[in-house]
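Engineer: Quick one: the structure is below, and I'll ask about it shortly.
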Amino acid sequence: MIKELSLEDRDTVQQVWSLQHMAYPLEAELIGFSEIPPLLDTFETIRASGETFFGYINEEGDLIGAIAVEPGEDQVTISRMMVHPGHFRKGIAGSLIRHVLESYKEAPMFTVSTGTRNTPAVTLYEKFGFVRDHAFEVAPGVELTEFHLHKQ
């Protein structure tokens with residue numbers, strides 16, 4: 001089940017923080033950069049992020065995946081995507097992306113950035129029709145690629 005998460009709820013923020021600290025070290029290793037912003041988050045920075053979070057909750061009530069978005073006037077930016085490492089390759093990330101695309105179906109464009117060397121994420125976004133727009137260096141030797149999905 002996917003539902004919007006309330007960052008007013010301390011337990012929910014704890015679950016998001018914990019999930020980030022399980023999922024993002026793997027991306028950090030893939031791209032060769034340990035200072036990925038979600039790994040530097042505190043409860044307070046998550047709560048104050050201004051992002052809208054959606055969580056994938058399993059039958060036991062555990063948060064095993066989450067996506068965060070920043071809706072704007074001209075586009076929706078997917079700012080975070082995380083899946084518990086014990087639940088990789090089960091379609092959770094795809095379900096979360098579909099949920100966001102459906103929830104914001106009136107948005108003319110979606111954007112997302114990921115590490116250029118994060119092949120699983122690149123493949124996932126391209127599967128949903130996201131197209132590489134440009135790459136940029138965020139630290140020496142660390143490159144992110146921004147993807148766009150234009151809605152018709």
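Engineer: Take residue 43 and residue 22, extend 7 Å from each Cα along the Cα→Cβ direction, and tell me the distance between the two endpoints in nm.
Structural biologist: The answer from the label model is 1.9 nm.
Engineer: Still on this structure, please answer the following. Please report, as a whole percent, how much of the solvent-accessible surface of the range 71-152 comes from carbon and sulfur atoms (probe radius 1.4 Å).
Structural biologist: Values: 2360 of 4620 Å².
Its accessible area is 51 percent carbon and sulfur atoms.
Engineer: Using only Cα atoms, what Kirkwood radius does the range 1-95 have, in angstroms?
Structural biologist: One over the average 1/r among Cα pairs gives 13.7 Å for the range 1-95.
Engineer: Turning to a different aspect of this structure: Rounded to the nearest whole Å², what accessible area per residue is found for the chain with the 1.4 Å probe? Numbers along the way, then the final one.
Structural biologist: Numbers: 8310 Å² over 152 residues.
Heavy-atom accessible area per residue stands at 55 Å².
Engineer: Something else about it: Please report the net charge: other residues with Cβ closer than 14 Å to the Cβ of residue 17, K and R +1, D and E -1. Walk me through the numbers before you get to the answer.
Structural biologist: On the way: positive: 10, 47, 80; negative: 9, 11, 41, 44, 51.
Here the charged neighbours net out to -2.
Engineer: Please report the carbon-and-sulfur percent of the accessible area for the range 1-63; probe 1.4 Å, protein heavy atoms only, DNA, RNA and ligands left out. Can you show the working numbers first?
Structural biologist: On the way: 1860 of 3590 Å².
Its accessible area is 52 percent carbon and sulfur atoms.
Engineer: Which residue, chosen from 88, 150, 107, occupies the Cα position most advanced towards the positive end of the dipole of the range 71-152, where the dipole is computed from +1 (Lys, Arg) and -1 (Asp, Glu) charges on Cβ about the Cα centre?
Structural biologist: Value: 88.
Engineer: So what's the net charge close to residue 132: Lys and Arg +1, Asp and Glu -1, counting the other residues with Cβ under 11 Å from its Cβ?
Structural biologist: Details: positive: none; negative: 126, 133, 146.
Result for the local shell: -3.
Engineer: Net charge near residue 66, counting Lys/Arg +1 and Asp/Glu -1 over other residues with Cβ under 11 Å of its Cβ? Please report the intermediate quantities before stating the final value.
Structural biologist: Working: positive: 3, 80; negative: 4, 51.
Within the 11 Å Cβ shell, the charges total 0.
The values are calculated or read from the model by the stated rules, or taken from the named source; none is laboratory data. None of these values were measured; they are calculated from a predicted model. Ideal geometry is used to build each Cβ from the backbone, glycine not excepted, and the neighbour counts take in all protein chains shown. The accessibility values were calculated without ligands, DNA or RNA, using every heavy atom of the protein model including side chains. Shrake-Rupley method; radii C 1.70, N 1.55, O 1.52, S 1.80 Å.
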